[in-house]
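Have a look at this one.
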Amino acid sequence: MKNKSIYILGIESSCDDTSAAVLCNGKILSNVIANQEIHTNYGGVVPELASRAHQQNIVPVIQEAIQRANIDKKDLTAIAFTRGPGLMGSLLVGTSFSKSLSMALEIPLIAVNHMQAHILAHFIEEKNQQKPPFPFLCLTISGGHTQIVKITNYFEMEVIGETLDDAVGEAFDKTAKILGLPYPGGPLIDKYAQLGNPNTYQFTKPKMDGLNFSFSGLKTGILYFLQRNLKENPKFIEENLYDICASVQRTIVEILMDKLEKAVKKTGISHVAIAGGVSANLGIRKSLENAELTKKWTTYIPKFEFTTDNAAMIAIVGYLKYLENDFEFDNTSATARLKVSES
Ligand code: KG4
Ligand code: ZN
């Protein structure tokens, strides 16, 4: 008997990106993302504006995803949506829409944990893409999370280290804000870091035992460093922007790599992946690549399109859950807090 094609529509609306994707048997047919420019003016995501923008974007984004996939909505096998974690108002838009569409099309509904999705994006079927074998470690770095996760199976995940204050994406964005760069500043720091000397300035790194992280002290250290220098030279930032960005980036990457190295030693697992928005950072990508040679790790670096929030990662989890018949009931609801260990 010929195997049936399984078409999953993934819907992501946890923060400020409205995204829809269609996967056929785990392969991407479309992955549409609508960013919300509106937050740039406010220097950060404004939750109420985010939910309104999702409300406006969700229908056209889903229509475009289905159109680009070159299928009819009646061909869909199931719908996967982000249940959490995230901003409640944003999550509710995707959740309610997914529920209604699954009822209208009379197809199953699948709930997805956004943090698991960042990690499981490594299992999207791609040409020449090596998938990590179990168990593996994943450094999940985004605007809201910084975790080292041990993955024993698709849905068996354990956090073995995490930040006790700011997430690494926040450290990038807050530093960028102090430097006068627009939100989200992480990608800009990365861009300017490529043009500067990473060893120009030294910043004190946090002293944290074990595998946990802390980034709030670093942010304050950078603020005081800039205030001191601006007193002497009001043009300090504009004259040294590239070197400041390169030095900040080197410091953050060293903190992350140091903990990863400890995690590999502690667990004996040397298959190491990165995931989340900050895994787009060229500094961390290069350091991980180097670790293949210098530390003999096998590393898994996601394609850029799967690093920041996207619905293809939601759809691949939908596919994996579909294969396990893990479906939702009509009374399912969004949840702002959800641990990576919870499905
Ligand atoms: O995963 P994501 O899209 O959303 C959350 O779930 O948080 O991550 C967004 C974060 C932002 O803090 C953004 O500044 C950061 O990822 N980011 C970067 C880079 N690209 C995105 N940080 C540093 N370097 C980058 N290239
Ligand atoms: Zn995310």
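Could you tell me what a quarter of the Cα convex hull surface of segment 192-310 works out to, in nm² with one decimal place? Provide the component values of the computation, followed by the final result.
On the way: hull surface 34.1 nm².
With every direction weighted equally, the projected area is 8.5 nm².
In this model, which of Lys131/Lys174; Lys177/Lys235; Lys174/Lys231 are farther than 24 Å apart at the alpha-carbon?
Among Lys131/Lys174; Lys177/Lys235; Lys174/Lys231, the Cα-Cα distance tops 24 Å for Lys131/Lys174.
Sorted from largest down, what three extents in whole angstroms do the Cα atoms of the chain have along their principal axes?
The principal-axis extents, from largest down, are 71, 46, 32 Å.
Given the peptides 247-258, 61-72, arrange them by the average over their residues of other C-beta atoms within 10 Å, most packed first.
The most tightly packed comes first, giving 247-258, 61-72.
Out of Leu256, Gln227, Leu241, whose Cα points farthest toward the positive end of the dipole of segment 227-266 (charges: +1 Lys, Arg; -1 Asp, Glu; placed on Cβ)?
Farthest along the dipole direction, towards plus: Leu256.
Also, I was wondering about something else. Considering only DSSP beta bridges where both residues belong to segment 132-302, give the percentage that are antiparallel (nearest 5).
Details: 12 of 20 bridges.
About 60 percent, rounded to the nearest 5.
So, one more: I need to check one value: relative contact order of segment 231-343, counting alpha carbon pairs closer than 8 Å and at least 6 residues apart, in percent. Could you put the intermediate results ahead of the total?
Working: 56 pairs, mean separation 23.7, N = 113.
It comes to 21 percent, rounded to a whole number.
Beyond a 24 Å Cα-Cα separation, which of these cross-linked pairs lie in this structure: Lys27/Lys295; Lys4/Lys74; Lys205/Lys296; Lys150/Lys303; Lys219/Lys296? Could the numbers behind the result be given before it?
Values: Lys27/Lys295 32 Å; Lys4/Lys74 15 Å; Lys205/Lys296 26 Å; Lys150/Lys303 21 Å; Lys219/Lys296 32 Å.
Going by Cα-Cα distance, Lys27/Lys295; Lys205/Lys296; Lys219/Lys296 fall outside the 24 Å limit.
Using only Cα atoms, locate the centre of segment 136-178 and the centre of segment 29-72, then give the distance between them in Å, rounded to an integer.
24
Add -39500 (n - 2.57) for each DSSP H run of 4 or more in the chain, then divide by its residues: what number comes out at 222 nm, to the nearest 500 deg cm²/dmol? Let's see the in-between values first.
On the way: 9 runs with 140 residues, N = 343.
That calculation yields -13500 deg cm²/dmol at 222 nm.
Counting only residues 5 or more places away or on other chains, whose amide H sits under 5 Å from the amide H of Gly161 once H atoms are built in the peptide plane?
Ile148
5 Å is the cut-off here: which amide hydrogens, built 1.01 Å from N in the peptide plane, fall below it relative to Ile274, excluding neighbours closer than 5 in sequence?
HN-HN under 5 Å from Ile274: Leu139, Tyr300.
What angle, in degrees between 0 and 90 and rounded to the nearest 10, separates the Cα long axis of helix 236-267 from the longest principal axis of the Cα atoms of the chain?
Rounded to the nearest ten degrees, it is 60.
For a Förster distance of 35 Å, can you work out the FRET efficiency between the beta-carbons of Lys262 and Lys127, rounded to the nearest 0.05?
Numbers: r = 34 Å, r/R0 = 0.98.
Computed FRET efficiency for Lys262 and Lys127 comes out at 0.55.
Sticking with this structure for a sec: Can you compute the modelled spin-label distance between Asn41 and Glu342, with each label point 7 Å from Cα toward Cβ, in nm?
Between Asn41 and Glu342, the simple spin-label model gives 3.6 nm.
Let me ask something else about it. Quick one: angle between helix 168-178 and the longest Cα principal axis of the chain, in degrees between 0 and 90, rounded to 10, please.
Value to nearest ten degrees: 50.
Given H placed on each backbone N at 1.01 Å, which residues far from Ser30 in sequence or on other chains put an amide H within less than 5 Å of it?
Val22
How would you order 194-201, 219-226, 305-312 from highest to lowest mean count of nearby Cβ atoms within 10 Å? Intermediate values should be presented prior to the final figure.
On the way: 194-201: 14.5, 219-226: 16.0, 305-312: 24.4.
The most tightly packed comes first, giving 305-312, 219-226, 194-201.
What are the ³J(HN,Hα) couplings of segment 190-196, residue after residue, when phi is run through the Karplus curve with 6.51, -1.76, 1.60 and θ = phi - 60°? Round to Hz, x for glycine and proline.
Result, rounded to whole Hz: 4, 4, 6, 4, 5, 9, x.
Given the pairs Lys262/Lys321; Lys259/Lys339; Lys286/Lys321, which span a C-alpha to C-alpha distance of over 25 angstrom in this model? Numbers along the way, then the final one.
Working: Lys262/Lys321 32 Å; Lys259/Lys339 21 Å; Lys286/Lys321 33 Å.
Violating the 25 Å limit, Cα to Cα: Lys262/Lys321; Lys286/Lys321.
Distances over 13 Å make up what percent of all Cα-Cα pairs in segment 134-181? Each step should come with its number before you reach the end.
On the way: 667 of 1128 pairs.
That tail contains 59 percent of the Cα-Cα pairs.
Using the crude model of +1 on Lys and Arg Cβ and -1 on Asp and Glu Cβ, and no other charge, please compute the dipole size for segment 132-302 relative to its Cα centre, in debye to 20.
Numbers: 19 positive and 18 negative charges, 56 e Å.
Value, rounded to 20: 260 debye.
Turning to a different aspect of this structure: Can you tell me what percent of all Cα-Cα pairs in segment 126-279 are more than 20 Å apart?
Above the 20 Å cut-off, segment 126-279 has 51 percent of its Cα pairs.
Each value in this text was obtained by applying a stated rule to the coordinates, not by laboratory testing. Remember, it's a predicted structure, so these values are computed and weren't measured experimentally. Here Cβ is always computed from backbone atoms with ideal geometry, including for glycine, and neighbour counts include all displayed protein chains.
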